[in-house]
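For reference, the structure is listed below as structure tokens.
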Amino acid sequence: MILGIDMGASSSKWALFSGGVSGGEVAASGVYAPLSGHLYTPEARQHMAAGLAGIRAAVPAQPSAVVVGVTGLVTGFAPLITEMLSSTFYLPQTALCVTDDLHLAYAAHFLRDGPVGGGTLVYAGTGSMAYHRTAEGEVIRAGGHGFLIDDAGGAFWQGRQGLKAVLREADEARGQSLLASRLFGVIGSQHWPDIRAYVYGEGRAALARLAPAVYGAAVEGDPHAQDIQRRAGRELARLGGAVLRRTGNSRLALCGGSFNPLVKAAFHAQFADRDVILTPPVSPLLGALALAPAG
């Protein structure tokens, strides 16, 4: 039994696979609260320990190996997370693998059939990044600089762009658009004190939660929302193109909840005249089967 855990800024997902590395049958799965590798404070470390204990309580059987992909993993904290996993799951450290969430997703798309013939993974979740890993383990990436700097195309960026547009509408007294109606519906208010409390009280996860409403407004024909979807697709394609040029590879895989159909269509349009092979998307948790320690 191999347990895969994908820790993210919006949520943490887990799946228990039966049959070992060659099996891959999902015996159980679940979703937990957000967890990250930013363990700089005692409170953050306590939150991680509590999170692992919560996941362990939900897993219905004892795993023989655990593979964890951690968003924002700081290499220096990997041994600490490994120790937490060992004590929580009663496993030796040789049965554990702690890596970053992008490596987990990359392994799911390109390494399950062996280390040869990798490609470029373009990830769009709360943030965004393009990622390639060589056979020697060297990482070649573009983006992933965090929401304060860029992360264009991801859910935080989409939510921020949408809210910025509707607040400018309000400033200019242009009336409430469809996009504004959808966003204020998620926030629960159209009044600035409530919007301020929602955004600045909950941080980037709050803005990321607005992304599905932006997509919904785009589907219903709101021009601002549609423009945000097109721009998100172009930004993500820029990241993918940058890594493809640096690696000379032609295989692409898309991963992450922010790749809705409209963003995906805009992304694909940027590669319409290029010789690119698209790998079908799979769950990042399948990367646990490729990265699980042998034995």
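The values are calculated or read from the model by the stated rules, or taken from the named source; none is laboratory data. All values derive from a computational prediction rather than experimental measurement. Please note: Cβ atoms are built from the backbone with ideal geometry, for glycine as well, and neighbour counts cover all protein chains shown.
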What number of residues in segment 52-72 are free of Cβ contacts under 8 Å to residues at least 40 places away in the same chain and either touching a Leu at 6+ places or on another chain (Cβ under 8 Å) or in a loop (DSSP other than H, G, I, E, B) (or both)?
1
Checklist (1) surrounded by fewer than 19 Cβ atoms within 10 Å (Cβ to Cβ); (2) not in a loop (DSSP other than H, G, I, E, B) applied to residue 161, failing item:
(1)
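Residue-wise test of (1) surrounded by 24 or more Cβ atoms within 10 Å (Cβ to Cβ); (2) more than 16 Å from residue 4 (Cα to Cα); (3) modelled with pLDDT of 95 or more; (4) in contact with a Phe, Trp or Tyr (Cβ under 8 Å, 6 or more places away or on another chain).
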position	(1), (2), (3), (4)
83	no, yes, yes, no
89	no, no, yes, no
107	yes, no, no, no
122	yes, yes, yes, yes
127	yes, yes, no, yes
136	no, yes, no, no
145	no, yes, no, no
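Among the residues of segment 31-40, how many are loosely packed, with under 15 Cβ neighbours inside 10 Å and in contact with a helix residue (DSSP H, G or I) (Cβ under 9 Å, 6 or more places away or on another chain)?
Residues flagged as loosely packed, with under 15 Cβ neighbours inside 10 Å and in contact with a helix residue (DSSP H, G or I) (Cβ under 9 Å, 6 or more places away or on another chain) within segment 31-40 amount to 2.
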Residue set 205, 218; condition crowded, with 18+ Cβ neighbours inside 10 Å, in contact (Cβ under 8 Å) with a residue 12 or more places away in the chain and assigned to a helix (DSSP H, G or I); output residue 218
Return a yes/no flag: does segment 162-181 have any residue that is under 19 Å from residue 108 (Cα atoms) and polar (S, T, N, Q).
no
Within segment 1-48, how many residues turn out to be in a strand (DSSP E or B), without any contact (Cβ under 8 Å) to a residue 24 or more places away in the chain, under 25 Å from residue 74 (Cβ atoms) and not aliphatic (A, V, I, L, M)?
0
Checking residue 149 against (1) of a type in the set (A, V, I, L, M); (2) out of contact with any Cys (no Cβ under 6 Å at 6 or more places or on another chain); (3) under 19 Å from residue 70 (Cβ atoms), the condition it does not meet
(3)
Expected output for segment 255-278 (first residue closer than 18 Å to residue 217 by Cβ and without any contact (Cβ under 8 Å) to a residue 24 or more places away in the chain, partner assigned to a strand (DSSP E or B) and acidic (Asp, Glu), Cβ below 6 Å, 6+ apart or cross-chain) is none
Is there any pair linking a residue in segment 171-195 that is modelled with pLDDT of 95 or more and surrounded by 12 or more Cβ atoms within 10 Å (Cβ to Cβ) to one that is in a helix (DSSP H, G or I) and of a type in the set (Phe, Trp, Tyr), with Cβ under 6 Å and at least six apart or on different chains, and which?
187/198; 190/184
Any idea which residue in segment 240-256 is modelled with the highest pLDDT, counting only those that are in a loop (DSSP other than H, G, I, E, B) and crowded, with 17+ Cβ neighbours inside 10 Å?
256
All but one of (1) more than 16 Å from residue 131 (Cα to Cα); (2) of a type outside the set (S, T, N, Q); (3) not in a helix (DSSP H, G or I) hold for residue 200; state the number of the condition that does not hold.
(3)
Any hit, segment 147-155, residues being assigned to a helix (DSSP H, G or I) and either polar (S, T, N, Q) or surrounded by 21 or more Cβ atoms within 10 Å (Cβ to Cβ) (or both):
yes
